[in-house]
Amino acid sequence: MELTGAQILMECLKREGVDTIFGYPGGAVIEVFDELSRHQDALKTILVRHEQAGVHAADGYARASGKVGVCLVTSGPGATNAVTGIATAYCDSIPLVVFTGQVPTRLIGNDAFQEVDIVGITRPCTKHNYLVKDIRDLSGIIRQAFYLARTGRPGPVLVDLPKDVMTGKGEFVWPADVRMRSYNPTYKPNLVQLRRAAELLVKAKKPLILMGGGVISSNASGVLTDMAMRYQIPVVSTLMGLGGFPGTHSLWFGMVGMHGFVSANKAVGEADVLIAVGSRFADRVTGKISAFASNSRIIHIDIDPTSIRKNVSVDVPVVADCREAVIGLAEVLAARAEEKDWPNEHKDWLAGLDRYRKGNPLSYVRNGEIKPQQVIEAVYELVKDDDAVIATEVGQHQMWAAQFFKYTTPRSFLSSGGLGTMGYGLPAAMGGQIAMPDRRVICIAGDGSIQMNSQEFATIVHNKLPVKVIILNNCYLGMVRQWQELFFKQNYMCTPMDGQPDFVKLADAYGAEGYRITEEADLVPTLQKALASPNPVIVDVRVAREENVYPMVPAGKGLDEMLLV
């Protein structure tokens, strides 16, 4: 049966299990959207207000659901607007397939209207990308794109669709499976390496688990949590690993890194065996490399072989899917369980870490102003029994949301870690709410970053999504201002956010609810009212203007060189 390229695309999306597409139309994809209109029962299309937000929304959908997020945009500026979202997903290993329109194949390279070499532009920030030149290749390429996005180390894949390929006709052939000779991720761990890892753990007096985002993307949270509890091994995590281990458990010692917990950073410094699972040892996690885990033998589990020994030298590399590796390691440890009195041998180690936790808790000074940390604590207390999804923008509020909200389940924290993209949180919350319609979704934002994609509140209202946006409004670009205060003699150049909009009126203009909180006594009652609403809400909380995020490890310093005040 002959179909147009647009029809073939629809059939491929259905067979890949896609149910939601975030998109923005244009001339190069107008035929695709025309065909898409006939498939809204199976392929719901969300019209975003900006292509960057469309990719962020697909990203939030993917993080919250574990499925591949899909975005469809037009050529030229539509494609280039999507690049920041693609790069954000690439840095955090999020599975996306982004379809971009392209001028007809005969015009490629002729500087045609709205033509850009998006394949060339995105080559450094995609797992792979394709330019479809022949309709006979279309279904096979789409099959490969979804396979690449979701397997191995997940990531974004771009498929560029010339207009004539979409309007042309060809036979629809669905590949039964995908075989790529040059791409064969290693899922099963090497038993010899697992035995070497187990040998280190059996002998360890101060073992420590460091969880990264790979634990969540591989659905390894449950098995790793079981292993940690069975063998009484303390756990810390990166920003991307939050939710991978219950943040209320006694074995949890917090987030590690530049704004990590004292107990977590001290644990890394004092551990004698560090088992890192699904973490790429980014600079915000390690601080000064030469001082990172300097007393530890390091076991590194990751499905991406290029991530192992890239930043940190390790003693036992294990290239495998995180879930498969942890299951295998737990089996090896179970066979040697009688060689060590695990709970008792780790008692002193855990007690020492507990002293750090109790002696240096996250804290702030209450002085009558509303403190941003206080807002996060209040939100947590109000929703802690709801399994809420928290999305964040990027800045000080992101770190406070990471520190003061206790994440107990995976896929409950949506945030741009590797790229640090302002404007991410609101569209990601939108995507997360569409993926998880029965869960409460809250966007924690700053007054600076919310303005980068605030137009998506129109999308949220139009689609009747009950997303709650809580703005920690200090009238500054807070994180940059903090650095200016500490390291640039308080030279607040271009960080005061003068001339910001009235966010309550903005909510009203979009047809949503808006609240402003200026007094400490009004904080909890107003948040209760906002969170109980079935409608989209913006809450503008006026917080202390020059509050800083602590602990803080200055650039170039080791994790033990934290600023505490």
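The values are calculated or read from the model by the stated rules, or taken from the named source; none is laboratory data. Keep in mind that what you see is a predicted model, and the values were worked out from it rather than measured. Here the Cβ positions follow ideal geometry from the backbone for every residue, glycine too, while neighbour counts run over all protein chains shown. Please note that ligands, DNA and RNA were not included when accessible areas were found on the heavy atoms of the full protein model with its side chains. Shrake-Rupley method; radii C 1.70, N 1.55, O 1.52, S 1.80 Å.
Only one entry of Gly101, Gly76, Gly69, Gly85 meets the criterion of being open to solvent by less than 10 Å² (accessible area, probe 1.4 Å), in contact with a His (Cβ under 6 Å, 6 or more places away or on another chain), touching a residue at least 12 places away in the same chain (Cβ under 8 Å) and not β-branched (Val, Ile, Thr), and that entry is Gly85.
Return the total of residues in the range 467-487 being of a type in the set (Ser, Thr, Tyr) and open to solvent by less than 10 Å² (accessible area, probe 1.4 Å). Reasoning before the result, please.
To start, the set of residues in the range 467-487 that are of a type in the set (Ser, Thr, Tyr) comprises 476.
Cutting the leftovers down to open to solvent by less than 10 Å² (accessible area, probe 1.4 Å) gives us none.
Going through the range 467-487 one residue at a time, the tally reaches 0.
Restricting attention to the range 527-565, which residues are of a type in the set (Val, Ile, Thr) and either buried (at least 18 other Cβ atoms within 10 Å of the Cβ) or in contact with a Gly (Cβ under 6 Å, 6 or more places away or on another chain) (or both)? If the condition is that a residue be of a type in the set (Val, Ile, Thr) and either buried (at least 18 other Cβ atoms within 10 Å of the Cβ) or in contact with a Gly (Cβ under 6 Å, 6 or more places away or on another chain) (or both), then Val537, Ile538, Val539, Val541, Val543, Val549, Val553 are the ones that fit.
Exactly one residue out of Gly254, Gly244 is crowded, with 22+ Cβ neighbours inside 10 Å, farther than 24 Å from Ile289 by Cα, under 21 Å from the mean Cα position of the chain (by Cα) and touching a residue at least 12 places away in the same chain (Cβ under 8 Å): that is Gly244. Annotation: of all residues in the range 340-371 being within 21 Å of Met562 (Cα to Cα) and in contact with a strand residue (DSSP E or B) (Cβ under 7 Å, 6 or more places away or on another chain), the one that is most open to solvent (accessible area, probe 1.4 Å) is Arg357. Here Cys322 passes the criteria (1) in contact with an Asp or Glu (Cβ under 8 Å, 6 or more places away or on another chain); (2) exposed (fewer than 13 other Cβ atoms within 10 Å of the Cβ) except the one numbered (2).
Step by step: first the residues of the range 406-438, then only those that are in a loop (DSSP other than H, G, I, E, B) and in contact with a Cys (Cβ under 6 Å, 6 or more places away or on another chain), then the one that is farthest from Thr88 (Cα to Cα). Which residue is that? Please lay out each step first, then the result.
Looking only at the range 406-438, we keep the residues that are in a loop (DSSP other than H, G, I, E, B), and these are 406-412, 415-424, 436-438.
From what's left, in contact with a Cys (Cβ under 6 Å, 6 or more places away or on another chain): 418-419.
Values: Gly418: 7, Leu419: 5 Å.
If we take residues in the range 406-438 being in a loop (DSSP other than H, G, I, E, B) and in contact with a Cys (Cβ under 6 Å, 6 or more places away or on another chain), then Gly418 is farthest from Thr88 (Cα to Cα).
Just one of the numbered conditions (1) assigned to a helix (DSSP H, G or I); (2) modelled with pLDDT under 95 is not true of Ala351: (2).
Just need a number here: residues in the range 287-313 that are in contact (Cβ under 8 Å) with a residue 60 or more places away in the chain, surrounded by fewer than 24 Cβ atoms within 10 Å (Cβ to Cβ) and under 22 Å from the mean Cα position of the chain (by Cα). Qualifying residue count, the range 287-313: 3. Within the range 112-140, if we keep just the residues that are among the small types (Gly, Ala, Ser) and more than 23 Å from Asp177 (Cβ to Cβ), the residue that is modelled with the lowest pLDDT turns out to be Ala112. Checking the structure you have, find out if any residue of the range 283-303 is modelled with pLDDT of 95 or more and among the aromatic types (Phe, Trp, Tyr). Yes - at least one qualifying residue is present in the range 283-303. Criterion first (closer than 23 Å to Pro95 by Cβ, touching a residue at least 40 places away in the same chain (Cβ under 8 Å) and out of contact with any Asp or Glu (no Cβ under 7 Å at 6 or more places or on another chain)) does Val394 satisfy it? For Val394, the condition - closer than 23 Å to Pro95 by Cβ, touching a residue at least 40 places away in the same chain (Cβ under 8 Å) and out of contact with any Asp or Glu (no Cβ under 7 Å at 6 or more places or on another chain) - is met.
Being touching a helix residue (DSSP H, G or I) at 6+ places or on another chain (Cβ under 8 Å) and of a type in the set (Val, Ile, Thr) is true for just one of Val268, Val192, Val215. Which residue is that?
On the way: Val268 fails: touching a helix residue (DSSP H, G or I) at 6+ places or on another chain (Cβ under 8 Å); Val192 fails: touching a helix residue (DSSP H, G or I) at 6+ places or on another chain (Cβ under 8 Å).
Testing whether each residue is touching a helix residue (DSSP H, G or I) at 6+ places or on another chain (Cβ under 8 Å) and of a type in the set (Val, Ile, Thr) leaves just Val215.
Each row is one residue, and each column tells you yes or no for (1) within 29 Å of the chain's Cα centre (by Cα); (2) not in a helix (DSSP H, G or I).
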site	(1), (2)
Leu3	no, yes
Leu9	yes, no
Leu13	yes, no
Val18	yes, yes
Phe22	yes, yes
Pro25	yes, yes
Ile30	no, no
Glu35	no, no
Thr45	yes, yes
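If I filter the range 190-205 down to residues being open to solvent by 30 Å² or more (accessible area, probe 1.4 Å) and either under 30 Å from the mean Cα position of the chain (by Cα) or modelled with pLDDT under 95 (or both), which single residue comes out as nearest to Phe292 (Cα to Cα)? Among them, the one singled out is Gln193.
Pairs linking a residue in the range 23-40 that is open to solvent by 70 Å² or more (accessible area, probe 1.4 Å) to a residue that is of a type in the set (Gly, Ala, Ser) and at pLDDT 95 or above, with Cβ atoms under 8 Å and 6 or more positions apart or on different chains, are Tyr24/Gly54; Tyr24/Gly78; Asp34/Ala6.
Quick one: is Ala112 of a type in the set (Gly, Ala, Ser), open to solvent by less than 60 Å² (accessible area, probe 1.4 Å) and in a helix (DSSP H, G or I)?
Numbers: of a type in the set (Gly, Ala, Ser): yes; open to solvent by less than 60 Å² (accessible area, probe 1.4 Å): yes; in a helix (DSSP H, G or I): no.
No: the conditions fail for Ala112.
Summed over the range 491-526, the residues that are more than 28 Å from Arg366 (Cβ to Cβ), crowded, with 16+ Cβ neighbours inside 10 Å and touching a Gly at 6+ places or on another chain (Cβ under 9 Å) give a count of 2. Filtering the range 8-22 to residues that are under 17 Å from Gly101 (Cα atoms) and either modelled with pLDDT under 95 or out of contact with any helix residue (DSSP H, G or I) (no Cβ under 6 Å at 6 or more places or on another chain) (or both) leaves Leu9, Leu13, Ile21. Taking the criterion of being open to solvent by less than 10 Å² (accessible area, probe 1.4 Å), over 20 Å from Gln52 (Cβ atoms) and touching a residue at least 40 places away in the same chain (Cβ under 8 Å), would at least one residue in the range 453-466 satisfy it? Looking through the range 453-466, none of the residues is open to solvent by less than 10 Å² (accessible area, probe 1.4 Å), over 20 Å from Gln52 (Cβ atoms) and touching a residue at least 40 places away in the same chain (Cβ under 8 Å).
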